[in-house]
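Worksheet: the structure to be examined is printed underneath.
The values are calculated or read from the model by the stated rules, or taken from the named source; none is laboratory data. Being a predicted model, the structure only gives us computed values, none of them experimental. We place every Cβ from the backbone using ideal geometry, glycine too, and count neighbours over all the protein chains shown. Surface accessibility is based on the protein's heavy atoms, side chains included, excluding ligands, DNA and RNA. Shrake-Rupley method; radii C 1.70, N 1.55, O 1.52, S 1.80 Å.
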Amino acid sequence: MTALTRPGTKPARPYFSSGPCAKPPGWAPGKLATHSLGRSHRAKIGKQRLQLCIDLMREVLEVPETHRIAIVPGSDTGAVEMAMWSLLGARGVTTLAWESFGEGWVTDAVKQLKIDPAVIRADYGKLPDLSQVDWSTDVIFTWNGTTSGVRVPNGDWIPADREGLCIADATSAVFAQDIPWPRVDVLTFSWQKVLGGEGAHGVLILGPRAGERLESHIPAWPLPKVFRLTAKGAVSEGIFKGETINTPSMLAVEDAIFALEWAKGLGGLDALRARADANAAALGAIVQQRDWLGHLATDPATRSNTSVCLTVEGADEAFIKKFAALLEAEDAAYDIAGYRDAPPGLRIWCGATVETADIEALGPWLDWAWATMRH
Ligand SMILES: Cc1ncc(COP(=O)(O)O)c(C=O)c1O
């Protein structure tokens, strides 16, 4: 067999997109509960299902009772911006950026809220010096930079006695990486990443100090209705019990419940993390065996176990586009070209809904695409 011969085995589920990500194994639309559909989300059944979804997220993510959980509009972006617009302005702000999404929150702080934040940056593949962060300010960062595959290694750099709020966009980290909840005042995510859920809603988790800020600080700027978490100076507690601000997609909620029950059935957070780690290790072995592949994240301690970003020797954007298209045409791998703003390369999702055998089966197909491109 030459490298140009198509490998005999294809990944059974060639879904390697970094969002929306692969559905949980065994997922089928007919398996979703639908009795809450076509009903008011404020009817008893709707409220029960929304509350169940919140309870399951608390259980699987091991969120302590100190932290409130809400399902909010606008996916992860909605949840981050709701937090920024509601909480910032009371003290100085630091924004950290080492890839495209972190850069988006810098733009919000600088150009939209105009709060003159301190900005700490690093290039794609690197993490900024976290010891530079001034924790007397509110701090915003992405826990896992989805477009560079660089994550914070842990929460040890976040002081327990910080004065400012720790605001973490963790959409590609939760359910795959450890979150030390007492160190986090605000955490956001959306279901379509590690859970393989549907895009639509964001999840906003607020610790007690964020709750205090909501009740003690009135933002200097207007707050659209979809961002309002307080009424008459008090936290709107109903929002954290499934009384959503506006109409949710109950189909997306039911889909999230399916994924959370799958996660719980596997053994919860530890099992999800182990699956992501095993996938990332399998991909790491593939990379190590090929001198034309490398990791964009230079330091293994900061390397993501979900959105794994790879360099390809000599590849430019056009090369990557063609390489990814070859694999897609063979139904061997979908959506593995790197993010449009990132250096040209591959990005292969290793989150818990992906099977390790499918990552392993991908290796020979990467060789085939490489050989075909160079033929
Ligand atoms: C780190 C990070 N933040 C924000 C987003 C935007 O998420 P959403 O589309 O759920 O708003 C993404 C999407 O990939 C992401 O990876």
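Residues in segment 252-270 that are open to solvent by 20 Å² or more (accessible area, probe 1.4 Å), out of contact with any Lys or Arg (no Cβ under 9 Å at 6 or more places or on another chain) and assigned to a helix (DSSP H, G or I): E261, W262, K264, G265, D270. Considering only residues of segment 163-176 that are away from the ligand (no atom under 12 Å from the Cβ) and part of a loop (DSSP other than H, G, I, E, B), which is surrounded by the fewest Cβ atoms within 10 Å (Cβ to Cβ)? Among those residues, the one meeting the criterion is E163. All of G78, G30, G8, G92 fail the test of being in contact with a strand residue (DSSP E or B) (Cβ under 6 Å, 6 or more places away or on another chain) and not aliphatic (A, V, I, L, M), apart from G78.
Note on segment 328-348: among residues that are outside any strand (DSSP E or B) and in contact with a Gly (Cβ under 6 Å, 6 or more places away or on another chain), the one that is least open to solvent (accessible area, probe 1.4 Å) is G345. Pairing residues of segment 116-142 that are among the charged types (D, E, K, R) with residues that are open to solvent by 60 Å² or more (accessible area, probe 1.4 Å), at Cβ distances under 7 Å and at least 6 apart in sequence or on separate chains, gives K126/T298; D138/R91. Here T306 meets the list (1) buried (at least 20 other Cβ atoms within 10 Å of the Cβ); (2) out of contact with any Ser or Thr (no Cβ under 6 Å at 6 or more places or on another chain) almost entirely, failing just condition (2). Being assigned to a strand (DSSP E or B), in contact (Cβ under 8 Å) with a residue 40 or more places away in the chain and either among the aliphatic types (A, V, I, L, M) or over 29 Å from R340 (Cα atoms) (or both) is a condition met by at least one residue of segment 273-296.
Pairs linking a residue in segment 71-83 that is under 15 Å from F101 (Cα atoms) to a residue that is more than 7 Å from the ligand (Cβ to nearest atom) and modelled with pLDDT of 95 or more, with Cβ atoms under 6 Å and 6 or more positions apart or on different chains, are D76/T188; D76/F189; G78/V72; A79/V72; A79/T188; A79/L204; V80/T188. Would you mind stating whether W98 is open to solvent by 10 Å² or more (accessible area, probe 1.4 Å) and within 15 Å of the ligand (Cβ to nearest atom)? Considered against the rule, which asks whether it is open to solvent by 10 Å² or more (accessible area, probe 1.4 Å) and within 15 Å of the ligand (Cβ to nearest atom), W98 comes out as no. It is to be established whether one or more residues within segment 138-158 are more than 28 Å from F175 (Cβ to Cβ) and either more than 16 Å from the ligand (Cβ to nearest atom) or surrounded by 14 or more Cβ atoms within 10 Å (Cβ to Cβ) (or both). Scanning segment 138-158 turns up no residue that is more than 28 Å from F175 (Cβ to Cβ) and either more than 16 Å from the ligand (Cβ to nearest atom) or surrounded by 14 or more Cβ atoms within 10 Å (Cβ to Cβ) (or both). Note on segment 1-18: residues that are open to solvent by 40 Å² or more (accessible area, probe 1.4 Å), assigned to a loop (DSSP other than H, G, I, E, B) and closer than 26 Å to A173 by Cβ amount to 1. Can you name every residue in segment 19-44 that is open to solvent by less than 30 Å² (accessible area, probe 1.4 Å) and outside any loop (DSSP other than H, G, I, E, B)? Scanning segment 19-44 gives no hits.
Here's the yes/no breakdown for (1) within 16 Å of the ligand (Cβ to nearest atom); (2) buried (at least 17 other Cβ atoms within 10 Å of the Cβ); (3) without any contact (Cβ under 8 Å) to a residue 60 or more places away in the chain:
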site: V63; (1), (2), (3): no, yes, no
site: A90; (1), (2), (3): no, no, no
site: V110; (1), (2), (3): no, no, yes
site: L113; (1), (2), (3): no, yes, no
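With the structure loaded, tell me whether A325 is without any contact (Cβ under 8 Å) to a residue 60 or more places away in the chain, on the phi < 0 side of the Ramachandran plot and surrounded by fewer than 16 Cβ atoms within 10 Å (Cβ to Cβ) or whether it fails that test. When the stated conditions are applied, A325 passes them. For I69, the conditions (1) open to solvent by 10 Å² or more (accessible area, probe 1.4 Å); (2) outside any helix (DSSP H, G or I) are fulfilled apart from (1). Close Cβ contacts (under 7 Å, 6 or more residues apart or on different chains) running from residues in segment 19-31 that are under 19 Å from V174 (Cβ atoms) to residues that are part of a loop (DSSP other than H, G, I, E, B) and open to solvent by 40 Å² or more (accessible area, probe 1.4 Å) comprise P20/G199; A22/R13. Of all residues in segment 216-245, which are farther than 22 Å from G46 by Cα and part of a helix (DSSP H, G or I)? Passing the criteria: only S216. In the set (1) free of Cβ contacts under 8 Å to residues at least 12 places away in the same chain; (2) of a type in the set (D, E, K, R); (3) under 21 Å from G102 (Cβ atoms), the condition left unmet by R374 is number (3).
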